[in-house]
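Participant: Got a structure for you, written out below as C-alpha cells; questions coming shortly.
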Amino acid sequence: MTQQIKVGLIYGSARQGRFCDTVARWTEKELGRSGDFTVEVIDPAAHARARRNEMTKSESGGHRTLRAQLAEADAFVVVTPEYNHGYPAALKELIDSAGEEWHAKPVAFVSYGGVSGGLRAVEQLRQVFAELHVVSIRDSVSFQNAWQLFDSTGSPADPDRCTAQMSKMLAKLHWWATALRTAREAAPYSTAA
Ligand SMILES: Cc1cc2nc3c(=O)[nH]c(=O)nc-3n(C[C@H](O)[C@H](O)[C@H](O)COP(=O)(O)O)c2cc1C
C-alpha cells in the first residue's frame with residue numbers, strides 16, 4: 001500500500017495578478033488526482049499579509065505559522081516563475097525564513113515563464129536547497145510562454161504532455177519522501193560532520 005505524503009505546495013510569486021495561481025491550482029489538482037498526497041498551500045503573499053498585520057518584528061504569528069507548515073510537510077513542490085533569469089525575491093525570503101524545517105526532505109519543481117519556461121530559476125533553486133539539506137528531484141514540469149498553454153478555465157491546452165511529466169515527477173517525489181520520512185523516523189537527521 002502506498003503511504004500518504006504531506007506536500008507543502010509553495011507559490012513562487014507574490015505578485016498581485018500573478019499567473020502563479022493558474023499553474024499552482026493545476027498542480028494542486030494533479031497532486032490530488034494521484035491520491036498519494038495531501039496538500040497544504042504555502043503562499044508568500046499570504047505570509048507577507050500576515051506579517052504586515054502583526055506589529056512585532058521577528059517571530060510574528062505569520063512567521064511561526066510558515067515554519068509550522070514547513071515542519072509538518074514531508075515533501076515540497078515549488079511552483080516558480082522566472083524573472084530576469086532568476087526566481088522571485090518573495091520565494092527567497094520564504095526559503096530563508098526557516099532552517100531545519102527543510103532538512104532531509106525532497107523538493108520538486110513546476111516552473112513557467114517566457115522562452116526558458118523558468119528552467120534557469122529552477123537550476124538556481126537547486127543550489128539554494130542543497131544548502132538546506134533538501135534533495136531536489138531531477139524531473140520537473142515546465143511551461144514555456146506559459147500564458148499560451150492554459151485555457152480560460154485554467155486547464156493546460158496539451159494535458160497529455162504535462163500530465164505525463166507531472167506523473168513522472170510525482171512518482172519520484174513520492175519515493176524520496178517515503179524513503180526520507182522512514183529515515184528521519186529511524187534516526188534524527190544531523191547536520192554535524
Ligand atoms: C521584469 C520581467 C522579467 C522577466 N524575465 C523573464 C526571464 O528571464 N525568463 C522568462 O522565461 N520569463 C521572464 N519573464 C516572464 C515571467 O516569467 C512571466 O511574466 C510570469 O507570468 C511571471 O509570473 P507571475 O505572473 O506568477 O508573477 C519576465 C517578466 C517580467 C515582467
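The values are calculated or read from the model by the stated rules, or taken from the named source; none is laboratory data. Since we're looking at a predicted model, the values are computed, not measured. With ideal geometry, Cβ positions are generated from the backbone for all residues, glycine too; neighbour counts draw on all protein chains shown. In case anyone asks, the SASA skips ligands and DNA or RNA and just uses the protein heavy atoms, side chains included. Shrake-Rupley method; radii C 1.70, N 1.55, O 1.52, S 1.80 Å.
Participant: Relative contact order for the chain using alpha-carbon pairs under 8 Å, separation at least 6, rounded to a whole percent?
Facilitator: Relative contact order comes out at 22 percent.
Participant: Here is a follow-up. At a 1.4 Å probe radius, carbon and sulfur cover how many percent of the accessible area of the chain?
Facilitator: Of all accessible area on the chain, carbon and sulfur atoms account for 52 percent.
Participant: OK, next. What trypsin sites (Lys or Arg not before Pro) does the range 88-193 have in DSSP loop regions with at most 16 other beta carbons within 10 Å?
Facilitator: Filter output for the range 88-193: ARG138.
Participant: Another one. Picking from ALA14, TRP26, VAL135, whose Cα lies most toward the positive end of the charge dipole for the range 1-148 (charges on Cβ: Lys, Arg +1; Asp, Glu -1)?
Facilitator: ALA14
Participant: Under 10 Å, Cα contacts only: if you run a Gaussian network model on the chain, which one of ALA108, ALA71, ALA130 comes out with the highest mean-square fluctuation?
Facilitator: ALA130
Participant: Please identify the helices of the chain, taking whole runs of DSSP H, that span at least 20 Å along their own axis as judged from the Cα atoms and have a mean Kyte-Doolittle score of -0.5 or higher.
Facilitator: Span-like helices in the chain: 159-186.
Participant: Okay, moving on. Over the Cα atoms, compute the radius of gyration (one decimal) and Dmax (the largest Cα-Cα distance, rounded to a whole number) for the range 114-187, in Å.
Facilitator: 15.3, 48
Participant: Separate question: Please give the direction-averaged projected area of the C-alpha convex hull for the chain, in square nanometres with one decimal.
Facilitator: It is 11.6 nm².
Participant: Considering lysine pairs in the chain that are 8 or more places apart or on different chains, how many have Cα atoms under 26 Å apart?
Facilitator: Eligible lysine pairs with Cα atoms under 26 Å apart amount to 14.
Participant: Which GluC sites (Glu not before Pro) in the range 83-116 pass both tests, a DSSP loop state and at most 16 other beta-carbon atoms within 10 Å?
Facilitator: Answer in residue order: GLU100.
Participant: Same structure, new question: The range 99-146: Rg/Rh from Cα coordinates, Kirkwood Rh?
Facilitator: 1.04
Participant: Run through all the Cα pairs of the range 1-110 and give the fraction in each 5 Å bin from 0, expressed as whole percent.
Facilitator: Here the calculated profile for the range 1-110 is 2, 12, 22, 24, 20, 13, 5, 2, 0, 0.
Participant: Tell me the volume per residue, in Å³, of the convex hull enclosing the alpha carbons of the range 65-147.
Facilitator: Spread over its residues, the Cα hull of the range 65-147 gives 88 Å³ apiece.
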